[in-house]
């Protein structure tokens, strides 16, 4: 089955799609979302500049369930927790979204890594889906690589850590 173009419908100026139909037709959708247009992501970044590129690919899995492959990539500007300066963070993620009927949720045996199960029949908000994937990729405490903070020399990271309780070892009984 060849790939077909799929056009998402607009609902409140947000693109939504019928995931099961998208999967069954083997559609593919490529696009970009401005970081500034994603409200939850915008709250976590230092500067809401740039775009995230995404690709959705519909297909039917070997077990017959409709699925969509979601890939999101781009760069966001975060605040380093070491030096509190800005840092670029590359997002590059892919995930499989499998759609099951509501009664089928209880029958899911083992979850597969990088696979999410969603209810079939509910429209998907495209930007919300992209934003959610981007949020899942962000580190809990973003930091530059060791020695890469602006103004920090490489020698500073190599210095032995101060041991504030080292003096207590002198009080040990022999």
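The values are calculated or read from the model by the stated rules, or taken from the named source; none is laboratory data. Keep in mind that what you see is a predicted model, and the values were worked out from it rather than measured. Quick reminder, even Gly has a Cβ in these numbers, built from the backbone with ideal geometry, and neighbours come from all protein chains shown.
From the list 98, 76, which one is crowded, with 19+ Cβ neighbours inside 10 Å and modelled with pLDDT of 95 or more? First the steps, then the outcome.
Details: 98 fails: modelled with pLDDT of 95 or more.
Result: 76 is the single residue among 98, 76 that is crowded, with 19+ Cβ neighbours inside 10 Å and modelled with pLDDT of 95 or more.
Considering only region 117-136, how many residues are surrounded by 15 or more Cβ atoms within 10 Å (Cβ to Cβ) and either in contact with a strand residue (DSSP E or B) (Cβ under 7 Å, 6 or more places away or on another chain) or in a loop (DSSP other than H, G, I, E, B) (or both)?
Number satisfying all stated conditions: 11.
Mind checking which pairs have a first residue in region 57-70 that is outside any strand (DSSP E or B) and a second that is surrounded by 19 or more Cβ atoms within 10 Å (Cβ to Cβ), Cβ under 6 Å, 6 or more apart or different chains?
Hits for this filter: 61/67; 65/98.
For region 23-56, which positions are more than 20 Å from residue 78 (Cβ to Cβ) and within 17 Å of the chain's Cα centre (by Cα)?
Residues satisfying the conditions are 30, 31, 55, 56.
In region 16-30, what residues are in contact (Cβ under 8 Å) with a residue 60 or more places away in the chain and either surrounded by fewer than 18 Cβ atoms within 10 Å (Cβ to Cβ) or not in a strand (DSSP E or B) (or both)?
Selection gives 18, 19, 20, 23.
For region 31-56, which positions are in a loop (DSSP other than H, G, I, E, B) and on the phi < 0 side of the Ramachandran plot?
Those that are in a loop (DSSP other than H, G, I, E, B) and on the phi < 0 side of the Ramachandran plot: 38, 45, 46, 48, 49.
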